[in-house]
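Report on one structure; see the data block that follows.
Please treat every number below as a calculation from the coordinates, not as lab data. Model, not experiment: these values are computed from the prediction. Glycine gets a Cβ as well: all are built from the backbone with ideal geometry, and neighbour counts include every protein chain shown.
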Amino acid sequence: MKAKVLLSLVLICGCLAAPPARAGDAVPAAPAACELPPYLLATDSQLHKVAETVKAGKPLEILVIGSRSTTIPSSEDSSYPARMQAILKDKLPPAETVHVSVEIQSKKTAEEAAGTFVKLMEAKTPTLVIWQTGTVDAIRSIDPDDFRGAVTEGVAALQNAGADVVLMNLQYSPRTETMISAPPYLDNMRVVAQEHDVPLFDRFAMMRQWNDQGQFDLFSPSRGPELAKQVHDCIGRALAQFVIDAAHLGPAQQQN
Amino acid sequence: MTIADQVTGSTIAGTAGAKPVEAKPVAAKPRAPAITLPAIGERELRLDLFRGLALWLIFIDHLPPNLLTWFTIRNYGFSDATEIFIFISGYTAAFVYGRAMLESSFVIATARILRRVWQIYVAHVFLFTIFLAEISYVATSFENPLYTEEMGIMDFLKQPDVTIVQALLLRFRPVNMDVLPLYIVLMLALPLILWSMKWRPDVTLALSALLYAATWEFDLYFSAYPNGFWAFNPLAWQLLFVFGAWCALGGARRMSRILASPVTMWISIAYIVAAFYVTLTWYVPQLGHLMPKRIEQWMYPIDKTDLDVLRFTHFLALAALTVRFLPRDWPGLKSPWLRPLILCGQHSLEIFCLGVFLAFAGHFILAEVSGGPGMHALISLSGILIMWGVAWVISWYKRVADKSGAKTKNAVGNADLAGGG
């Protein structure tokens, strides 16, 4: 574990320090605002298929399935899937093609979304699926047991279709905290992730960390897209790092 | 040693003595006349103390996490302030209305209970109004594109006709407003519980446990609007309430030997330490490795809606240790330092509602001022001070009212003792 923490630290330092060396790069250095304690990016579960694909030099197809919090209205290029694609292209070997596609299932509960997975996977055959869910269920206060069942089914369907899966939980939304009860859904996603050995990208904890540390003011009523863009940029970076770590594709590991 | 025999000394012993089933001579303490119920003597300050504590903790837990959140017990084990609150409410409700049931009649006791239910219902509707005001404000002033999805929660404002009626029917219940509806349902069942307790306390408790088991086995629940279910399932949580009532009506005294035994103490300590360790793995994920997967799979999720057995037993362990190490005559109970807590616990319904309101207000201030951790802590602290201040004002009102000659009301049964929210 210690080694992993150290490794994450090295990786983070690496990604903070590296970009200036690569002139003309599309990706500027990670803003200090994106900093996260390493444990939030650590996972025990592995992404074997991603690792194989990258090691074999095959193109990496990533599908992000999510609800509306996966996008920023009218600025798609700044949303986290697009940011993740840019960062992954930057961090993985130059020969590697990375393609991220997004499937927005707005206002669909986990159960409704999971129902579409078989067909979706026939059409797309990605190596990795990042499934962001929970928000719609929390808004509609779906029974957490049913929610857990639906997430379990969805994960199984994605795995059966031959993809690695990463689960992404809700956004931290302090303004609606008195109205939406997130904890049961966060807990159940954690349980499913544990049971199915799937990495869980804890978006909620990360955003809360940023808010608590004062990097972002998530209470802000601002109507402009700036805050959303910055937060999505940080999530995209964290997600790229998370995928690289979970697939053991970091520079240190590749040398072995 | 137990709560019950100390709460009451005389009163409950009298209660127990009046029950035909409990003909054991143990029940009749020398100082307790068999059937006559003397006027309520000294209050059981420990009940007030812990209910006050639960109120403070519920308030802090309803605010966004901050420094003070680390003082709430949910970070150190499975159970949290809700368990304390429901248990003490069951205990005090049985204590007060059980007297009415024995002294007067089933009808009189039921009538008094229903009056209390009405008060709680009105309090709930009051809180809902405040919630509506808050959410309407947020809906019109907050349009951060980061949260377009979360704003979907405001959709219910589009159908106020349905939503408000559903709220009055207790089916639409916003976050943080779950405890009062639970309490209303439990209080509605109280006449039946007391009537059954009067007949056979142990059978009543067994029936309650049976209902709890059936709730788990057959997945029974109360449906909510627009969908979902009650966040605190009354069919499960009634176990804690009935258990409180059972303790108040002599159960605790009969358990005193078990509670005094060192075996119980060590089991409780071991369980609490184990629970603490498990909670530690939530905050220090590095420790997760030391946690056997099989135990994790068996244990999770620890369900709050249906009062998970792990939560219930954790509460029992805490209660057992509390009763053991905090005697009724502990001089600290009279100390001015604990006075604020005890005062709040003595006016629980009012202070509970105030706490929910202050949590809303705190959110609001944080949203408008965005002051960081310092502001967070300041809001928590001032909230607690306000709760204390209001509790003091309420008791001042009561003292003044007493002086002007309304003493009869107290003799009948103090509604505050019956516990709110």
(request) Pairs to check: A:55/A:89; A:58/A:229; A:55/A:91; A:49/A:124; A:49/A:91; A:108/A:229. Give those whose C-alpha atoms are more than 20 Å from each other in this structure. (result) A:58/A:229; A:108/A:229
(message) Within 10 Å of each candidate Cβ there may be at most 15 other Cβ atoms; applying that plus a DSSP loop requirement, which GluC sites (Glu not before Pro) in region B:56-151 survive?
(response) B:143
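Estimate the FRET efficiency between residue A:74 and residue B:214 by the formula 1/(1 + (r/R0)^6), using the beta-carbon distance for r and 60 Å for R0, to the nearest 0.05. Don't skip to the answer; put the middle values down first.
Values: r = 52 Å, r/R0 = 0.87.
Approximately 0.70, to the nearest 0.05.
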(message) I need B:281, B:204 ordered by Cβ neighbour count within 10 Å, fewest first.
(response) B:281, B:204
(message) Just to be sure I understand: of the beta bridges DSSP finds with both ends in chain A, what percent are antiparallel, rounded to 5?
(response) 0
(message) Using a Debye calculation, one point per C-alpha and no hydration shell, please list log10 I(q)/I(0) for region B:341-384 at q = 0.13, 0.18, 0.21, 0.25 Å⁻¹ in order.
(response) -0.32, -0.55, -0.68, -0.83
(request) Can you check what the net charge comes to around residue A:164, using other residues whose Cβ is under 15 Å from the Cβ of residue A:164 (Lys, Arg +1; Asp, Glu -1)? (result) -1
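For chain A, what's the relative contact order in percent, using C-alpha pairs closer than 8 Å and at least 6 residues apart? Could the numbers behind the result be given before it?
Details: 388 pairs, mean separation 67.7, N = 256.
Value for chain A: 26 percent.
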(request) Among B:208, B:124, B:168, flag the residue with its Cα farthest along the positive direction of the charge dipole of region B:90-209, charges on Cβ as +1 for Lys/Arg and -1 for Asp/Glu. (result) B:208
(request) Quick one: order A:220, A:67, B:208, B:141 by neighbouring beta-carbon count within 10 Å, fewest to most. (result) B:141, A:220, B:208, A:67
(message) Let's see if you can work this out: charge +1 on each Lys and Arg Cβ, -1 on each Asp and Glu Cβ, no other charges. What is the dipole magnitude of region B:3-418 about its Cα centre, in debye to the nearest 20?
(response) 1940
(request) Sum up the charges of everything whose Cβ sits under 11 Å from the Cβ of residue B:314, counting Lys and Arg as +1 and Asp and Glu as -1, but leave residue B:314 out. (result) -1
(message) If you average the alpha carbon positions of region B:159-179 and of region B:352-382, how far apart do those two centres end up, in angstrom?
(response) 24
(request) Would you list the P(r) distribution for region B:3-418, with all Cα-Cα distances sorted into 10 Å bins from 0 and each bin expressed as a whole %? (result) 4, 19, 31, 27, 13, 4, 1, 0
(message) Principal axis extents for chain A, Cα atoms only, whole Å, descending order, please.
(response) 49, 42, 38
(request) Summarise the partner chain shielding of A:138-147 as one whole number: the mean count of Cβ atoms from other chains within 10 Å of each residue's Cβ. (result) 6
(request) For region A:2-255, build the charge dipole from Cβ charges (+1 Lys, Arg; -1 Asp, Glu) around the Cα centre, then report which of A:182, A:36, A:98 sits farthest towards its positive end. (result) A:98
(message) Please report the net charge: other residues with Cβ closer than 12 Å to the Cβ of residue B:338, K and R +1, D and E -1.
(response) +2
